[in-house]
Amino acid sequence: MKEDKATLQEQVEEQTKSGRKKFGTFSGVFTPTLLTILGVIMFLREGWVVGNAGLLGGWLIILFAFTITILTGLSMSSITTNIRIGAGGAFSIISQSLGLEMGGSIGVPLYLSQALAAAMYIFGFRAGWLYIFPDHPPIAVDMIAFAVLFIISFVGANLAFRVQYFIMAIIGASLVSVLGTVFTGGLQESVTWWGNFRGAPETGFQGGNFWTVFAVFFPAATGIMAGANMSGELEEPRRSIPVGTLSAIGLSLIIYMVLAYWLARVATPSELTENYTIMIDRALWSPVVLAGLLGATFSSGLSSMVGAPRILRALGERDILPGGDWFAKSSESGQPRNASWITGGIVFIALLLRNLNAIAPLITMFFLIAYAMINVVVFIEQSLGLISFRPLFKVPRYVSFLGALGCIFAMFIVNPVFSLVAIAIVVIFYGILVRRHMQAPFEDVRSGLFASLAEWAAKKVSELASSQERAWKPNLLVPVEDPSELRGYFRFIHSITYPKGYVKLVGLVYNGKDEKLSERLPSLTRAFREEGIFTAWTLVEAEDFKSGLLTGMQVLSGVFFRPNIVLLSLPWEENQKREQDLKSIIESTNQSHMGVMLFVDHPEAGLGRREQINVWVPDQSPEWNLSIELGNFDLAVLLGYQLRRNWRGTLNLITNVEDEQMLVQAGDFMENIIDLARIPDANTYIRHCDLETCLENAPQADISVFPLGDEVDFEHIRHIASITDSACIFTSDSGEENALA
């Protein structure tokens, strides 16, 4: 569904509304992103990382973690300068490239992770608070912190960002207090370049390795979506997200690297691994560092409380969740009130559980999956080479590839079990959303992706041998004059083509009058697709049936995915003009490399019960020799098998032999066909009689299939259909079918 001009104009006008999308780069992206990265791990775990890994090992861990983040940030910056990102951050980015189903399958768990992360940050805030006031009730601290965070986020992002300015000032002061020891002689220890990986005090220092330490540190490098989650309320998301995100990542990397050196110089490896509060203890003024720790956890919780409802609102706007309209409602000032209530409820319930350590790795996994998918989106767009991908911020293709690879690697390093669980949850959500057949108000690149794959496949096929007997499937070209008549053939066409064939509907327009074909063919096309048959349609203007169909055949014979069977219908009543046209068309099929399926619908019997299929094998006397090609009845056998499979009916192979001495050879011939064509459940009938007598005594069929002779006699064809008292198909091979392949 394409965005029309009115919709696009509404988006442009929405950007300029007062009170909406009013945050700039610094307030809307840089500040929340920086404060999320400079979190509790910096204050309480970076010293432990350096103590275990040494300064060089610590730097490598920091650089590796931030490399993944930087690559993802570059990819995100590139894609956000190519699209109208809209609300929802990662959800919007992924949806606009890989569809609402993929965006929703990432967006729903990402929203839940964002909400649960708020609860975890509150727990972290409580730990710091109890360090100062150990006698305070933990549940009271949690609930008060939650109430303050909820009120601030509920009032609006504007207030939240003003609070974050204050928190950023506190964290800045704490860093000054830490690094100020450089001028007071605090750097007394010699540097240990590579550590012995002692482990953690809670595990009795049982040891570890580079990757176990990396797994503990890596969550510090996440949080780069804090600004992107506000995409729906930014003045210039295309500019603010790249500049704000990359600036925050760059500054936080410098801070982490400098702090690692400071930690290696102010304490021994043993002190660093045994004392999580070493940064507080060795600072010039400990209270301000402790305030920085509290501010870091509080600001991270606030970012989650502000960002999560906006993801939920975006999910509601796209009807990803039941009751989407209710989730999507906003206040007059643009605040997601309903989504905030739901998010607050989730955080409150999580706080009552008292411990989220068991699912903490899962939260990290969902963030990493979102990061990986952003990289995948950019890599796909870059690889397709579509002209629509022209970002203002360009990055080499290896950036997105390495970013995706790094995210996946980090997932399985941090926790392989939860990685698999997270992937399984995303797949389940995707499966649920796919079944809903969602319609997006924008186009994505999936069609371009599959078109590129098809083009690649077409080039590869063209390099192979021309014969495609093993890959043959019934692809019908169906001329349409009257859509009502096509509706009557719907089940028959479905039985011929399901599951892998396809249908090309060619609407024939005479003298510029399409008789509502342009209105009704799309609905018939959708009906076939809903039944699992890929179908496309087109209109051909012509003077009459013959010229119109011949034009369609000639045009379609040159395409890669071309029809290989022309479906023709013979009227039960004689019509000389139509019969002359049909003869000309049948004679022309060889030039177009198409087979013929001439359908004669019995006026009374129709398709009957759709159970019995009779395939008539022509008399092969005097040789009855079987070759790799059956002659002109490969298509008849294949269509008979296709009908039997879709009807779950009975297939009868019947032949008439006028020379009694040929009965044994004919019987062997028929058994060999069944064996080599791999139709073990078929019945064979070999009759010594003329064709008309055999037709009268054959098993009653719901449809009978005959190969067309060299001379097409429509009167004889109707006579045969009358004797069989069933619908009939008369086939002519194109030469590309092989029932024995």
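Every read-out reported here was derived from the displayed coordinates using simple, explicitly stated rules and does not represent laboratory data. Small disclaimer: the values here were computed from a predicted structure and weren't measured. Cβ atoms come from the backbone with ideal geometry, glycine included; neighbour counts cover every protein chain shown.
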Quick one: angle between helix 337-353 and the longest Cα principal axis of the chain, in degrees between 0 and 90, rounded to 10, please. 70
Under a point spin-label approximation (7 Å from Cα along Cα-to-Cβ), what is the GLU332-ASN646 distance to one decimal in nm? 6.0
Computed helical MRE - 222 nm, the chain, DSSP H runs ≥ 4 contributing -39500 (n - 2.57), nearest 500: -18500 deg cm²/dmol
Inter-part distance where segment 152-203 and segment 281-327 are each reduced to a Cα centre, Å: 19
hull vol. (C-alpha, convex hull) per residue for segment 19-434, Å³ -> 129
Charge context of CYS694, other residues only, Cβ under 13 angstrom, K/R +1, D/E -1: -4
Contour minus Cα-Cα span, GLU573 to ALA741, at 0.36 nm per residue, comes to 56.6 nm
Rounded to the nearest Å, the spacing of the alpha-carbon centers of segment 341-382 and segment 472-519 is 48
Point-to-point label distance, VAL555-ASP135, nm (Cα→Cβ direction, 7 Å offset): 8.9
Where trypsin sites (Lys or Arg not before Pro) fall in DSSP loop in segment 541-615, at most 14 other Cβ within 10 Å: ARG609
LEU663/THR538 FRET efficiency (R0 41 Å; Cβ-Cβ; nearest 0.05): 0.25
Percent antiparallel among DSSP beta bridges confined to the chain, rounded to 5, stands at 10
Which links in LYS500/LYS546; LYS500/LYS577; LYS504/LYS546; LYS329/LYS394; LYS513/LYS577 stretch past 27 Å when you go from one Cα to the other? LYS500/LYS546; LYS500/LYS577; LYS329/LYS394
On the formula 1/(1 + (r/R0)^6), with r taken between the Cβ atoms of ARG435 and THR67 and R0 of 45 Å, the FRET efficiency rounded to 0.05 is 0.70
Interchain or long-range residues, amide H under 5 Å from LEU568's placed H: MET597, LEU598, PHE599
Using Cα-Cα distances under 8 Å and only pairs 6 or more residues apart, what relative contact order does segment 19-434 have, in percent? 36
Neighbour net charge for THR535 - beta-carbon separation under 11 angstrom, K R +1, D E -1: +1
Please list 3J(HN,Hα) in residue order for segment 265-279, calculated via the Karplus relation 6.51 cos²θ - 1.76 cosθ + 1.60 where θ = phi - 60°; whole Hz, with x for glycine and proline. 9, 9, 8, 6, x, 5, 5, 5, 7, 8, 10, 5, 9, 4, 5
Report the label-to-label distance for GLU469 and VAL417 in nanometres (one decimal), using points 7 Å from each Cα along the Cα→Cβ vector. 5.6
Mind giving me the FRET efficiency for ASN196 and ILE254? R0 is 30 Å, r the Cβ-Cβ distance, nearest 0.05 is fine. 0.60
Three-way shape call for segment 569-662 based on the alpha-carbon gyration tensor, with the a/c threshold at 1.5: oblate
Antiparallel %, DSSP beta bridges [both residues in segment 469-732], to 5: 15
